[in-house]
Amino acid sequence: MGNATEWFDYGVYAAAATYITAAFFPGHLGSLGTMLGFAVSFVLRPLGGMVWGPLGDRVGRKVVLATTILLMAAATGAIGLLPSHATAGVFAPILLITLRVVQGFSTGGEYGGAATYLAETCSDRKRGFLGSFLEFGTLGGFVGGSAVVLACQLALGSDAMYEWGWRIPFLLAVPLGLIGWYLRSRLDESSVFTEVQTEEHPPTGLRVLLTDYRRELLTLAGLVVALNIVNYTLLTYQPTYLQHTLGVGESTTTAMMLVGQLIMMLALPFFGHLSDRVGRRPVWLYSLIGLAVMAIPMYWLMGRGIGWAVLGFVVVGLLYIPQLATISATFPAIFPTQVRYAGFALGYNVSTAVFGGTAPLVNEAVIEGTGWTLFPAIYMVGACAIGLVAWSFLRETAGASLRGTDVPITDEIPAVPLLVPAVRDPLGA
């Protein structure tokens, strides 16, 4: 519920991008301004990770998670109260971007903390299945945001949506945030964290992380390049791509995104469970290779009509889901307990800020400048190539215990399908 609240804003911002453009960035290059407003929220994510991550390793996961959700909900609700460009001139987009920065700072501690907490409290043998429900919440936020925008579009009509209706979804984030805060404030602290803090007192902090766990940080960062370029192209830039590049109508685009995201949500627990049986590495390998092979044909298909666009979106989404479903099981297990929150928050957010958050802006800029409508697919293929390099350094951790101060690793590698041979870690781990 808390994670859905955090990502509700991103779903609303993506679905309402055309209204935000009209309200804050009028003019020929308005879509680029809206994508910049999206990308800038990621500028503060690494700083947020540097602040919230080490804090979560010192004072606990629960306190940080309860704090970040309040910040996110307050900033999102405030967007719904902002004056438009017609009222406040240049100050309107400045205020919007300021609030997006606040959101980015809070999200810098949100996602790593939620994944870390869930990984540490799950059964080791069911971490993939149970951890997939964090992403169920993520997509739930996207779906909730798209559904609210669609409902407003159908109830109010286009003119009212452009004038004031776009504000309603943002204002709904406030009660959702309060519910999420209440739920998180009543959680028990992670026993894995508590044991290490009370018994071993190992060194923590960014210096330890950067000195002793560079391999782990780089492995995570490389995987996140693939993960988030696909994620933010597929789930955030896609409405703008369909409307401005392919000429699909507003309500049709929102409905199509909603259906595709619902199908992806239903597939999440399946792939999470699959990773518990065969391991994280084979599941990631299937996804990375599948996207590298199919992204270009599917984006070509999207340009052939509405029905083909739905099919292409669903196929790419289902190829991407094995990565999304196993984030909570794979990424926290890369690090030992004493630097787990900081390692996840820093590695994830730096890579996301550079590659993920800028993906809509890069896609829009290239298409605007060159007219190359297949560029988003090319971008995905390049990201998957980087992900495959990082994958070769990923240790298998399915079923491994996350307790203690050593880097987790599976003692017994799960059975792997015959089509994917078990590849040993190149460094001998």
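The values are calculated or read from the model by the stated rules, or taken from the named source; none is laboratory data. Computed from a prediction, not measured in an experiment: that's the story for all the values here. Positions of Cβ are backbone-derived with ideal geometry, glycine not excepted, and every protein chain shown enters the neighbour counts. Accessible surface areas use protein heavy atoms only, side chains included; no ligands, DNA or RNA. Shrake-Rupley method; radii C 1.70, N 1.55, O 1.52, S 1.80 Å.
Considering (1) in contact with a Ser or Thr (Cβ under 6 Å, 6 or more places away or on another chain); (2) more than 23 Å from residue 68 (Cα to Cα); (3) modelled with pLDDT of 85 or more; (4) not aromatic (Phe, Trp, Tyr), the lone condition that residue 218 does not fulfil carries the number (1). The residue list 121, 87, 116, 68 contains one member that is out of contact with any helix residue (DSSP H, G or I) (no Cβ under 6 Å at 6 or more places or on another chain) and under 30 Å from residue 283 (Cβ atoms), which is 121.
For segment 188-212, filtered to residues that are open to solvent by less than 30 Å² (accessible area, probe 1.4 Å) and of a type outside the set (A, V, I, L, M), the residue that is nearest to residue 350 (Cα to Cα) is 205. In segment 146-167, the residues that are more than 10 Å from residue 19 (Cα to Cα) reach residues that are outside any helix (DSSP H, G or I) with C-beta atoms within less than 8 angstrom, at least six apart or across chains, in these pairs: 148/172; 149/16; 149/166; 152/166. If you go through segment 21-42 and keep only what is β-branched (Val, Ile, Thr) and either touching a Gly at 6+ places or on another chain (Cβ under 7 Å) or surrounded by 24 or more Cβ atoms within 10 Å (Cβ to Cβ) (or both), you end up with 21, 34.
Return yes or no: is residue 371 surrounded by fewer than 21 Cβ atoms within 10 Å (Cβ to Cβ) and at pLDDT below 90? Yes, satisfied.
Does residue 64 count as touching a residue at least 12 places away in the same chain (Cβ under 8 Å), surrounded by fewer than 24 Cβ atoms within 10 Å (Cβ to Cβ) and touching a Leu at 6+ places or on another chain (Cβ under 7 Å)? Let's see the steps before the verdict.
Numbers: touching a residue at least 12 places away in the same chain (Cβ under 8 Å): yes; surrounded by fewer than 24 Cβ atoms within 10 Å (Cβ to Cβ): no; touching a Leu at 6+ places or on another chain (Cβ under 7 Å): yes.
Against the criterion (touching a residue at least 12 places away in the same chain (Cβ under 8 Å), surrounded by fewer than 24 Cβ atoms within 10 Å (Cβ to Cβ) and touching a Leu at 6+ places or on another chain (Cβ under 7 Å)), residue 64 does not qualify.
Residue-level analysis places residue 156 outside the set of residues that are in a helix (DSSP H, G or I), open to solvent by 20 Å² or more (accessible area, probe 1.4 Å) and either farther than 30 Å from residue 77 by Cβ or charged (D, E, K, R) (or both). Before we move on, is residue 282 at pLDDT 90 or above and more than 23 Å from residue 111 (Cα to Cα)? The answer is yes for residue 282. Looking at the structure I just gave you, is residue 178 in contact (Cβ under 8 Å) with a residue 60 or more places away in the chain and more than 30 Å from residue 271 (Cβ to Cβ)? In short, yes. Does segment 196-204 include one or more residues that are under 19 Å from residue 409 (Cα atoms) and either modelled with pLDDT of 85 or more or assigned to a helix (DSSP H, G or I) (or both)? The answer is yes, given that some residue of segment 196-204 is under 19 Å from residue 409 (Cα atoms) and either modelled with pLDDT of 85 or more or assigned to a helix (DSSP H, G or I) (or both). Scanning segment 123-140 for residues that are out of contact with any Asp or Glu (no Cβ under 7 Å at 6 or more places or on another chain) and open to solvent by 20 Å² or more (accessible area, probe 1.4 Å) turns up 123, 124, 130, 133, 136, 140. Residues that are of a type in the set (A, V, I, L, M, F, W, C) and crowded, with 19+ Cβ neighbours inside 10 Å within segment 374-399 comprise 375, 377, 380, 383, 384, 386, 390, 391, 394, 398, listed in sequence order.
Yes or no: segment 141-153 includes at least one residue that is in a helix (DSSP H, G or I), more than 24 Å from residue 324 (Cα to Cα) and either open to solvent by 50 Å² or more (accessible area, probe 1.4 Å) or polar (S, T, N, Q) (or both). Among the residues of segment 141-153, at least one is in a helix (DSSP H, G or I), more than 24 Å from residue 324 (Cα to Cα) and either open to solvent by 50 Å² or more (accessible area, probe 1.4 Å) or polar (S, T, N, Q) (or both), which makes the answer yes.
Looking across segment 128-163, the residues that are of a type in the set (Phe, Trp, Tyr) and either within 22 Å of the chain's Cα centre (by Cα) or closer than 21 Å to residue 260 by Cα (or both) come down to 129, 133, 136, 142.
For a quick check of your reading: which helices (runs of 4 or more DSSP H) sit entirely within segment 267-384 and have at least 2 residues that are closer than 30 Å to residue 197 by Cβ and within 22 Å of the chain's Cα centre (by Cα)? Full working, then the answer.
Numbers: elements: 280-302, 306-325, 327-330, 337-351, 359-370.
Helices (runs of 4 or more DSSP H) meeting the threshold: 327-330, 337-351.
Scanning segment 2-30 for residues that are in contact with a Ser or Thr (Cβ under 6 Å, 6 or more places away or on another chain) and among the hydroxyl-bearing types (Ser, Thr, Tyr) yields a single hit, 21.
Would you please name the residue that is most open to solvent (accessible area, probe 1.4 Å), looking only at residues in segment 91-122 that are β-branched (Val, Ile, Thr) and touching a residue at least 12 places away in the same chain (Cβ under 8 Å)? Here the residue is 121.
Checking each residue in segment 298-310 for being open to solvent by 30 Å² or more (accessible area, probe 1.4 Å) and in contact (Cβ under 8 Å) with a residue 12 or more places away in the chain picks out 300, 303, 306, 310.
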